[in-house]
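Enquirer: Submitted below is the structure of interest, expressed as structure tokens.
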Number of protein chains: 2
Amino acid sequence: MRGPWWQDRLNDAGFRLTNPRELVLGILRETDKHLSAEDLYVKALQKNPSIGLTTVYRTLDLFTQIGIAQKFDFGDGKARYELANNPLKKAHHHHMVCLKCKSIIDYSDFMKEELELMKKTEKALSKKHKFKIMYHIIHFYGICNSCREGD
Amino acid sequence: MRGPWWQDRLNDAGFRLTNPRELVLGILRETDKHLSAEDLYVKALQKNPSIGLTTVYRTLDLFTQIGIAQKFDFGDGKARYELANNPLKKAHHHHMVCLKCKSIIDYSDFMKEELELMKKTEKALSKKHKFKIMYHIIHFYGICNSCREGD
DNA sequence: GCCTTAATTGATAATGGTTATCATTTTCAA
DNA sequence: TTGAAAATGATAACCATTATCAATTAAGGC
């Protein structure tokens, strides 16, 4: 019997869909933001006061490795996570990060062209390096408008 | 009087080209690897035993903000740095990162198409969001060949 | 050159996100 | 039901990075 895609993904990779994992997954599915491990832990506590921070970290790491979630680093010292196929998110998007204030802007311009190119590249790289690619990330780094004015 | 590009970049941004900065820059220019702050510090110590780790961090941050260097996070807990225009490096390249062992593969396939697309995107985003873009990053995340076999 | 002021530096301590450890609990299959 | 393996959670430890602050250095005006 096949379940929802994330369950299949877990099972196929040889892992169990446990309560804590389901909980974290549920939170990821409900938001359209980039949540940190701490963010997720706090939200998880509200639904299950016995969950541990370590488990949240472990779960996020697992999700990332099997392609359920994506891990981001925006340079502010803590990692952020997003569900890979988030129904609430604009289908596919990327990020612009301010090197000063670490603010993040999502954008989704030129996605069609970009997706094509990425798909092509991904295919070639997978083959060439025998690499199982889970996801890709594109970041533009620079200085945002308000930080420039502050000079 | 204009000096080399990095000096101009510093001056134009209102900063001085000091000894520690010149030292860090020299090390970045001599390598084709992704060095961590610690790596750079150790190398710097050999040439100037009085340099401080804090200064290395500060210098790298400064270089990143004014576009002399690029900062990378490959998920192993420490940031890496590369010179923006490194004569030793393959002109333009990107990275594939293993989510398990954190190994990094540089690649430079499809660079022509990619550069075109990025340039176009960059232009549009800069204008739309009044964002001064210093550099972009493309990462493919997945599981490398040897980590897959280890399953 | 000398002086003034601001920029820069470096030693140290503190911060804080993440991971290691390990005993306990849960899950799945026999 | 039962036993082995997987998963969990509390705690301690780790370690990259940043804050602090007194000391040093650089640049421009005189």
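The values are calculated or read from the model by the stated rules, or taken from the named source; none is laboratory data. All of these numbers come straight from a predicted model, not from anything done at the bench. Neighbour counts are summed over all protein chains in view; Cβ atoms, including those assigned to glycine, are modelled from backbone coordinates with ideal geometry. The area values use the complete protein model at the heavy-atom level, side chains included, leaving out ligands, DNA and RNA. Shrake-Rupley method; radii C 1.70, N 1.55, O 1.52, S 1.80 Å.
Enquirer: Restricted to segment B:10-63, and to residues that are of a type in the set (Phe, Trp, Tyr) and within 11 Å of DNA strand D (Cβ to nearest atom), which residue is least open to solvent (accessible area, probe 1.4 Å)?
Expert: For segment B:10-63, the residue satisfying everything is B:Tyr41.
Enquirer: Being touching a helix residue (DSSP H, G or I) at 6+ places or on another chain (Cβ under 6 Å), in the same structural domain as A:Ala13 (by TED's automatic domain parsing) and not in a helix (DSSP H, G or I) narrows it down to one of A:Lys71, A:Lys100, so name that one.
Expert: Testing whether each residue is touching a helix residue (DSSP H, G or I) at 6+ places or on another chain (Cβ under 6 Å), in the same structural domain as A:Ala13 (by TED's automatic domain parsing) and not in a helix (DSSP H, G or I) leaves just A:Lys71.
Enquirer: For segment B:85-103, give me the residue count where each residue is open to solvent by 30 Å² or more (accessible area, probe 1.4 Å) and modelled with pLDDT of 90 or more.
Expert: Adding up the residues that qualify gives 4.
Enquirer: Considering only segment B:98-127, state which residues are more than 7 Å from chain A (Cβ to nearest Cβ) and farther than 22 Å from A:Glu116 by Cβ.
Expert: Of everything in segment B:98-127, those that are more than 7 Å from chain A (Cβ to nearest Cβ) and farther than 22 Å from A:Glu116 by Cβ turn out to be B:Cys98, B:Cys101, B:Lys102, B:Ser103, B:Ile104, B:Asp106, B:Ser126, B:Lys127.
Enquirer: State whether the residues of segment B:37-45 include one that is modelled with pLDDT of 95 or more, more than 9 Å from DNA strand C (Cβ to nearest atom) and within 14 Å of chain A (Cβ to nearest Cβ).
Expert: yes
Enquirer: Then there's this: Taking the conditions exactly as written (more than 14 Å from DNA strand D (Cβ to nearest atom) and touching a Lys or Arg at 6+ places or on another chain (Cβ under 6 Å)), does B:Ile66 satisfy them or not?
Expert: Judged against the criteria, B:Ile66 is a match.
Enquirer: How many residues are of a type in the set (A, V, I, L, M, F, W, C) and more than 22 Å from A:Lys33 (Cα to Cα) if we restrict to segment A:94-151?
Expert: Qualifying residue count for the region: 7.
Enquirer: Hey, among B:Asp76, B:Asp106, which residue is of a type in the set (Asp, Glu), in a loop (DSSP other than H, G, I, E, B) and open to solvent by less than 60 Å² (accessible area, probe 1.4 Å)?
Expert: Matching residue, one of B:Asp76, B:Asp106: B:Asp76.
Enquirer: Please enumerate the residues belonging to segment A:116-129 that are surrounded by fewer than 16 Cβ atoms within 10 Å (Cβ to Cβ) and farther than 22 Å from B:Ile143 by Cβ.
Expert: A:Glu116
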